[in-house]
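Undergrad: Below is a structure I'd like to ask you about.
The values are calculated or read from the model by the stated rules, or taken from the named source; none is laboratory data. If you're wondering where the values come from, they're calculated on a predicted model, not measured in any experiment. Cβ sites come from the backbone with ideal geometry, for glycine too, and all protein chains shown count toward neighbours.
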Amino acid sequence: MINIPKGTKDVLPQESYKWHYVEKIARKVTENFGYREIRTPVFEHTELFLRGVGDTTDIVNKEMYTFNDKGGRSISLKPEGTAGVARSFVENSLINAPQPSKMYYLTPVFRYEKPQAGRLREHHQFGIELYGSESPYADAEVILLAKEFFDRLGLKKLSLNINSIGCRECRKEYSEALKNYLYASKEKLCGTCLERLEKNPLRVLDCKNPECKEVSENAPKVLDYLCDGCRKHHEVLCKTLDELGVAFTVNSNIVRGLDYYTKTVFEFISNEIGSQGTVCGGGRYNNLVEEIGGTKVPAVGFGLGLERLIMVMENAGLSFGKDYRPELYIAPAGDENYVEALKITTILRKHDRTVITDIMEKSLKAQMKYADKCGAENVVVIGADEIRKDEFEIKNLRTKECKTVTYEELINGNW
């Protein structure tokens, strides 16, 4: 037997309705906020992620699925959604459309990492991208969209943490101060963080190693090094969220794991997955479009993993709506009635009714058992007597109530 690859998971028919429910709400919320869907390829040229995501990140250094195609080109399965959207924004000249450009995606992403609860080597992301606005009110809208999404799902035990990591200019001074601080305790840092110390010291703050986290606790705070423009941006965002009644905590240790972030970064954190974990992360990336070859265009957005989100919802005991259930099961009584059963089924389906019939040539008794097991709401028998009398008894399998209808009423769905 050939088994599923490690770090992947089948979504079985009896589980897929949960995904449909979450995706439906994601599409509806984004529509309400004026965002439209963008679909980018599952694989891109590796250079996109080297320049966009950053060659100092774990994603690029350790987790990407990279290979040479038959033309000798280096190709990578996308490890996140933002870089591909930025490439599409540049390549398709979306800057010429009315701004801001507001997009969302639902996409598979691929990372070669140790599988854990809610995080697989192939997982699926819901994300939004807002291009063209440098205003802190754009940051607020992105956060409000995420919050509205979680509210509609019924998730209550989430905490919002925000921070600002500044722009290129004010981050230079902070990076130098942070590097000097970390050097004093470099013997306590893990090997990965020792490499980060030279290339991107902010990434040390994102390390999950207990000793590295202990060193980071008393590190200089990036908020103390913000330039006037970045400080004002952060203050306006905080004031806006306050006035809108959105609870948040300013957490100076949040830097996010990708190199393209500037100014605002934020996370929605849940305690519903056994230990505290990030359910949604995002922020501003004003330099990304320029870094991959476009003009300078400000941008802000977020991404979240659907597997982890669904797990959080399950742990919280939340509803995913109803699973698929047929409205009517049509049971042909005898071989001579199969064509008539299929005919009625076809007519009702054209009327947008959810109807199934027997295609296994089961006995009538076996059909009744199957109709009950598959959750059909009603059942009707199509036999010679029913056709001759033009009387068809529809039985509700939940209430056991019966109703007699004519052939015309049956095919018109008047039952």
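Undergrad: The conditions are (1) in contact with a Gly (Cβ under 8 Å, 6 or more places away or on another chain); (2) of a type outside the set (K, R); (3) over 30 Å from L155 (Cβ atoms); (4) not in a loop (DSSP other than H, G, I, E, B), and Q99 fails exactly one of them. Which is it?
TA: (4)
Conditions (1) touching an Asp or Glu at 6+ places or on another chain (Cβ under 8 Å); (2) part of a helix (DSSP H, G or I); (3) among the aromatic types (F, W, Y); (4) at pLDDT 95 or above, marked per residue:
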residue: L304; (1), (2), (3), (4): no, no, no, yes
residue: D323; (1), (2), (3), (4): no, no, no, no
residue: K343; (1), (2), (3), (4): no, yes, no, yes
residue: R349; (1), (2), (3), (4): no, yes, no, yes
residue: M360; (1), (2), (3), (4): no, no, no, yes
residue: K365; (1), (2), (3), (4): no, yes, no, yes
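Undergrad: Could you please let me know if E129 is more than 16 Å from the chain's Cα centre (by Cα) and among the acidic types (D, E)?
TA: Details: more than 16 Å from the chain's Cα centre (by Cα): no; among the acidic types (D, E): yes.
The answer is no for E129.
Undergrad: Is it true that some residue in region 19-37 is assigned by TED's automatic domain parsing to the domain that holds G294, more than 30 Å from R325 (Cα to Cα) and surrounded by 15 or more Cβ atoms within 10 Å (Cβ to Cβ)?
TA: Yes, region 19-37 contains at least one residue that is assigned by TED's automatic domain parsing to the domain that holds G294, more than 30 Å from R325 (Cα to Cα) and surrounded by 15 or more Cβ atoms within 10 Å (Cβ to Cβ).
Per-residue answers, yes or no, for (1) among the basic types (K, R); (2) part of a helix (DSSP H, G or I); (3) touching a Pro at 6+ places or on another chain (Cβ under 6 Å); (4) in the same structural domain as V300 (by TED's automatic domain parsing):
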position	(1), (2), (3), (4)
G52	no, yes, no, yes
S76	no, no, no, yes
R87	yes, yes, no, yes
E113	no, no, no, yes
Q125	no, no, no, yes
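Undergrad: From the residues in region 325-341 that are outside any strand (DSSP E or B) and under 30 Å from V22 (Cβ atoms), which one is modelled with the lowest pLDDT? Please lay out each step first, then the result.
TA: Filtering region 325-341 for residues outside any strand (DSSP E or B) gives 325-327, 333-341.
From what's left, under 30 Å from V22 (Cβ atoms): 325-327.
Values: R325: 92, P326: 96, E327: 97.
Top of the filtered list is R325.
Undergrad: So, in region 149-171, of the ones that are surrounded by fewer than 16 Cβ atoms within 10 Å (Cβ to Cβ) and of a type outside the set (S, T, Y), which residue ends up nearest to E272 (Cα to Cα)?
TA: The residue in question is K157.
Undergrad: For E47, are the conditions met, namely being of a type in the set (D, E) and within 22 Å of the chain's Cα centre (by Cα)?
TA: So E47 does not fit the description; no.
Undergrad: Further, regarding this structure: Quick check on region 93-126: of everything there that is among the hydroxyl-bearing types (S, T, Y) and more than 21 Å from F67 (Cβ to Cβ), which residue is nearest to the chain's Cα centre (by Cα)?
TA: Looking at the filtered set, the residue picked out is Y105.
Undergrad: Take the residues of region 307-357 that are of a type in the set (D, E) and surrounded by 16 or more Cβ atoms within 10 Å (Cβ to Cβ): which is farthest from the chain's Cα centre (by Cα)?
TA: Ranking the candidates gives E340 first.
Undergrad: Right, next: Answer with yes or no whether I162 is in a strand (DSSP E or B) and not hydroxyl-bearing (S, T, Y).
TA: Here the answer is yes, as I162 does meet what is asked.
Undergrad: Could you grab me the full set of residues in region 358-403 that are surrounded by 13 or more Cβ atoms within 10 Å (Cβ to Cβ) and of a type in the set (S, T, Y)?
TA: Matches in region 358-403: Y370 only.
Undergrad: Now for a separate question. Within region 23-44, restricting attention to residues that are part of a helix (DSSP H, G or I) and in contact with a strand residue (DSSP E or B) (Cβ under 8 Å, 6 or more places away or on another chain), which residue is nearest to K114 (Cα to Cα)?
TA: E23
Undergrad: Condition first: at pLDDT 90 or above and either under 20 Å from S164 (Cα atoms) or among the basic types (K, R) (or both). Can you find one or more residues in region 268-276 that meet it?
TA: Yes, region 268-276 contains a residue that is at pLDDT 90 or above and either under 20 Å from S164 (Cα atoms) or among the basic types (K, R) (or both).
Undergrad: Still on this structure, please answer the following. Just to be sure I understand, how many residues within region 157-178 are of a type outside the set (D, E) and either free of Cβ contacts under 8 Å to residues at least 12 places away in the same chain or within 14 Å of Y225 (Cα to Cα) (or both)?
TA: Of the residues in that region, 13 qualify.
Undergrad: Consider region 3-37. How many of its residues are among the polar types (S, T, N, Q), modelled with pLDDT of 95 or more and within 19 Å of M313 (Cα to Cα)?
TA: Going through region 3-37 one residue at a time, the tally reaches 1.
Undergrad: May I ask you to verify whether A140 is at pLDDT below 95 and under 23 Å from N161 (Cβ atoms)?
TA: Spelling it out, it is not the case that A140 is at pLDDT below 95 and under 23 Å from N161 (Cβ atoms).
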